[in-house]
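Below: one structure, written as structure tokens.
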Amino acid sequence: MNRAFLSVNISSTASRHCKLSSISKDYQFIQKSGLPSLHFQPSLPRLPIPALEKSCERFLRAQKPLLNEDEYDVVEKNVKSFYSHEGQSLQKQLIDDDKKNRHTSYISKPWFDMYLCDRRPLPINYNPFLVFISDPKKEYNSQLIRSTNLIISSLRFMKSLNANLIEPEVYHLDPKKSDTKFFRTITGALPSSISWYGAYLFKAFPLDMSQYQHLFNTSRIPKRDADLLFHVDKTNYITVMQRGKFFKLRVLDDNGNILDAPTIFSCLKFILDKPSTEEKHPIGILTSENRNVWADARGHLESIGNSDVLKTIDGAIFNLVLDDNELTENEFTNLIRQYLHSDGKNRWFDKSFSLIINKRGIAGVNFEHSWGDGIAVLSTVQRINRMPMESYNPEELFPGKCPSVKHWF
């Protein structure tokens, strides 16, 4: 492994400044919901197991458009045989297992097994992507400013989530009646053990938010035959990828406060301005491999002394990718290729999510799918992209703001 992993350290002058300037609570949190994020979680109804007969009917309905008449007759015959024989014992086993695991859903383990045991590569097969709408103020869409703003808004979201201050996810059947202050006051006054049922009376349905726990500080680790999810509760840095190289960028101070915007801006500027060529041996491309192949390769990298480097990548709050392409928001086909897979050299597909920002400030996210589905990511993206943005003039950054950089090894 070519150890081009750099650590970006904030100078002492900048550190002293950020402790003063970023202490504002408005800067630290993206939202301060009066209704705690997990208020409805203890009273969420468990997912019911459908009757075997209903499951068979739904399966056949799904096959109808896909098969010709003869093929459908064969499938229908097999389903009827399944229902009459092994289906009964399997349904009973499923119900018994569900009763023994009331802390979770009956689909939870099969969900994780489906993703973590599949050996196919993550890009295209599993990792989805989203591309953000550009900021209406064109001057905010430079790669440097967009990256700075999205880092800060992502960290503000993380801190709000950790403090239980993100508004709970609720599906409002009639938003005019339930998406109101009155609804939040009434349901907020109810104990968490029954609060979901109070929301139900408003025809509002709080959703499960357990997936958010793996949004930050999480990576998928390749293992032979079945991967695992790695999560740490707290770190103070993100990783930054540029031209296949990694940088470690500290974004929180010793008290867990987000560093001020000019400090983060100047660190990113240092990375972007640093003379650099494409990494000759970009290890990120290995995360696009067959999972067993990548597991073996990672095991080798660890055996020759790279465990700490890989753990640093795994434990980062999230991954920021700075791309050199200059695609515009109207080049849809090429944007899809870049944000869905690219050539893999400047990607780390195992990370819970990577913010990807190109030279024109077009921003998007590519996320690993096993830890959660699109609802959690879409909600996060909507919030961090709505944050009011600020523009930073590098000439206004006072002396001492430039970070010092040293080799990780």
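Entry note, the chain: the mean residue ellipticity at 222 nm calculated from DSSP H runs of n ≥ 4, each adding -39500 (n - 2.57), is -11500 deg cm²/dmol after division by the residues and rounding to the nearest 500. Counted by neighbouring Cβ atoms within 10 Å, the residues V293, V131, V381 run from fewest to most as V293, V131, V381.
Less than 14 Å Cβ to Cβ from E86, Lys/Arg counted +1 and Asp/Glu -1: what total charge do the surrounding residues give?
On the way: positive: K80, K92; negative: none.
Neighbour charge sum, excluding E86 itself: +2.
Sorting 46-56, 182-192 by their mean Cβ neighbour count within 10 Å, with the most densely packed peptide first, gives 182-192, 46-56. Computed from Cα atoms, the angle from the helix 86-100 axis to the main principal axis of the chain rounds to 50 degrees.
Every read-out reported here was derived from the displayed coordinates using simple, explicitly stated rules and does not represent laboratory data. What you see is a predicted model, and the numbers here were worked out from it, not measured in a lab. A quick note on method: Cβ atoms are made from the backbone with ideal geometry, for glycine too, and the neighbour counts reach across all protein chains shown.
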